[in-house]
1. May I ask you to list the residues in segment 310-324 that are among the hydrophobic types (A, V, I, L, M, F, W, C) and within 16 Å of the ligand (Cβ to nearest atom)?
2. Restrict the check to segment 285-304 and report whether at least one residue is of a type in the set (D, E) and within 30 Å of S434 (Cβ to Cβ).
3. Does G327 meet the test of being part of a loop (DSSP other than H, G, I, E, B) and within 11 Å of the ligand (Cβ to nearest atom)?
4. Given the residues V226, V281, which is the only one that is free of Cβ contacts under 8 Å to residues at least 60 places away in the same chain, assigned by TED's automatic domain parsing to the domain that holds A359 and not in a strand (DSSP E or B)?
5. Just wondering, is there one or more residues in segment 119-126 that are over 28 Å from the mean Cα position of the chain (by Cα) and over 20 Å from P268 (Cα atoms)?
6. Would you mind telling me which numbered condition in (1) touching a Phe, Trp or Tyr at 6+ places or on another chain (Cβ under 7 Å); (2) closer than 23 Å to I332 by Cα; (3) within 15 Å of the ligand (Cβ to nearest atom) F243 fails?
7. Keeping to segment 351-371, report how many residues are at negative phi and away from the ligand (no atom under 16 Å from the Cβ).
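The values are calculated or read from the model by the stated rules, or taken from the named source; none is laboratory data. Predicted model only: the values in this text are computed from it and were never measured. Ideal geometry is used to build each Cβ from the backbone, glycine not excepted, and the neighbour counts take in all protein chains shown.
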Amino acid sequence: MKAPKFAPTAVAVALLFAAAPLIGSVGATVVTGKNAGSAAPAAVAAKARAPAAAGQVHKITLKTGMAGGKMVYLDEKGNANPVLKGKVGDTLEITISSGEGAEHDIVFPELKVASAKFSGKSVVKVTVPLTQGGKFTYYCSIPGHRQIGMEGTVEVEGPAGSAAVTVPAGAVKTVALGAGPAGAIDAKAIAPAAANAVSISMDPNAVPKPIGKRPPQLVKYHIETVELEGKLDDGTTFTYWTFGKKVPGPMLRVKQGDTVELTLSNAPNSKAIHSIDLHSVTGGHGGGEHTQVAPGESKTIRFKVLNPGLYVYHCATASVPHHISAGMYGMILVEPPEGLPKVDKEFYVMQGDHYTSHAHGTKGHQAFDHGRAADELPTCYTFNGSVGALTKEHKMTAKVGETVRVYFGVGGPNKVSSFHVIGEIFDRVYSEGSVKAIKTDVQTTLVAPGGATIVDFKVNYPGKFLLVDHALSRVGKGAAGALEVTGPADDSIYKASSGAMHVEH
Ligand SMILES: [Cu+2]
């Protein structure tokens, strides 16, 4: 066995298990300017009405960035998460932007101030009236970011508790936390479907060719993480986060003993940092520790594939369930030295559970729902990223007499699959993706989130064979695929009764 994948360091634990601590609607101020130095009109108005005898104004410029393996706020001197100081009656005037380009904000819950979100080149200004003495916290409210380091302290000299300065009415504008400059998302309203949405579903036929006999070698891969509007269902779109614009990401195929050089690039227009953790990797959190890549950047890792089998890979950036649920998973097959037995057809299928702001079937653009994800209540399930991907969009076909293999994995993030093909029996199951754990004559096989299986079966009879998660309520929410088998029907294997339906005993 390998060492535990994730050393229980504070950062690692935070990185992985950061849930989604969404604050309710903390009343908040001030407003944004897209350009550095330009105060938004509301802020100007607020200033104009502020009491004349107010205290000192502390002008502070902050940028986000990485320091010591953590995501932090940096001041102009490069101090990470600086302590912000002032006296009761003073004001902090903070100009803040994203140093690495990912999306962030800065919130002061005890002081009832939250900035708008910023990313890319946008610059946001936020005014924080120091209304009471004491030590307070500031942090980034994007799920997971506080846990990976974006947190600091405000120290205010003066009487604690009561507000020593009255903020004049109209000076404070209420902005829902998490609302970007484009406007707050009403929890009940639904935006129109994204006009630029594309298909993100991976073709199940996109399986690399068997490797055959060869000595171990160096294999190079380059994967780009891309955030894009994709079709989730008919009339429904979703902001996917992907490896290579498809869900699942590309299937990788190597041989036991190979060394893999993997470069992960994050597209320049991404809003989040991304990474990759491959379950076939020994050490470095499966790669997650050293592939945290900011928008527009690349990182490379090298690893030797010591164990054969079928392994899941996924993004390991907080909040990990969000990144996975948004589509960031795929598989790597590590062939044993002798390879796998030859079959006629190979398919690549992965199941995911999705958490959207509205019920399954709601038309429009669906937002990711952190609450539903935390409660593990998916609104839909998919095979290869979107509802209908393997029943309407892509075709899986075979001929009577052929042998079929399905590389099946669960990206999850949360739900176990009871993988089954209706009207077929798996002749051979490589249980849990292990090439040595062979079971024969299996009806349904369990596949864990972050787990995989390989199933082989000969198709002996024509028809439409449905791939399902046999937790069958999920089929109605999208967990289905279809294998179409053509060829002669052997009546001795199966025969439909003709004419009126009757039952003989
Ligand atoms: Cu990611």
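1. First pass over segment 310-324, keeping only residues among the hydrophobic types (A, V, I, L, M, F, W, C): 310, 312, 315-316, 318, 320, 324.
Matches in segment 310-324: V312, C315, A316, A318, V320, I324.
2. Checked segment 285-304: at least one residue is of a type in the set (D, E) and within 30 Å of S434 (Cβ to Cβ).
3. Working: part of a loop (DSSP other than H, G, I, E, B): yes; within 11 Å of the ligand (Cβ to nearest atom): yes.
Judged against the criteria, G327 is a match.
4. V281
5. From segment 119-126, those over 28 Å from the mean Cα position of the chain (by Cα) are 125-126; that's our starting set.
Of the ones still in play, those that are also over 20 Å from P268 (Cα atoms) are 125-126.
Taking every residue of segment 119-126 in turn, at least one turns out to be over 28 Å from the mean Cα position of the chain (by Cα) and over 20 Å from P268 (Cα atoms).
6. (1)
7. Of all residues in segment 351-371, those at negative phi come to 351-360, 362-363, 365-371.
Narrowing the set further to residues that are away from the ligand (no atom under 16 Å from the Cβ) leaves 351, 353, 356-360, 362-363, 365-367, 369, 371.
Residues flagged as at negative phi and away from the ligand (no atom under 16 Å from the Cβ) within segment 351-371 amount to 14.
So that you can scan it fast, the table gives a plain yes or no per residue for (1) at pLDDT below 90; (2) surrounded by 12 or more Cβ atoms within 10 Å (Cβ to Cβ); (3) touching a His at 6+ places or on another chain (Cβ under 7 Å); (4) not in a strand (DSSP E or B):
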site	(1), (2), (3), (4)
L177	yes, yes, no, yes
D186	yes, no, no, yes
A189	yes, no, no, yes
A194	no, yes, yes, yes
P208	no, yes, no, yes
